[in-house]
Amino acid sequence: MSRSTRDVLYRIYVIIHIFPSILLALPAVLPSSIVPTACLRPLQWYLASYNDPLAGRKSFPGGWFGGFSVCEVLLQLPYFLWAATVPIGSIEH
């Protein structure tokens, strides 16, 4: 696989993961009073469809899932946003 093909595939991977991070992880970390309704709807749909006890905060409060959600919002989301805007091929490997 050529470098440019790998860069494009990586860019697609990064862009695809921005939306779940915003729509599922952000509402799990922030208080619902400051999260826009448009961001709460996908999480509410997900909880109604799959009854996930972790995302629905029905598991042990403050457990490992909350820590992963915080890391996703504070570390992964900024990286994904940065990586989506860097010109392809501009970073040397």
* Asked: Is one or more of the residues making up region 8-20 more than 27 Å from T85 (Cα to Cα) and either out of contact with any strand residue (DSSP E or B) (no Cβ under 8 Å at 6 or more places or on another chain) or at pLDDT 85 or above (or both)?
  -> no
* Asked: In region 1-30, what residues are of a type in the set (S, T, Y), outside any helix (DSSP H, G or I) and within 22 Å of C71 (Cα to Cα)?
  -> none
* To do: Using the structure shown, decide if S33 is part of a loop (DSSP other than H, G, I, E, B), over 17 Å from the mean Cα position of the chain (by Cα), polar (S, T, N, Q) and surrounded by fewer than 16 Cβ atoms within 10 Å (Cβ to Cβ).
  => yes
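The values are calculated or read from the model by the stated rules, or taken from the named source; none is laboratory data. Just so we're clear, the structure is a prediction, and the values are computed from it rather than from any experiment. Cβ: placed from backbone, ideal geometry, glycine included. Neighbour counts: every protein chain shown.
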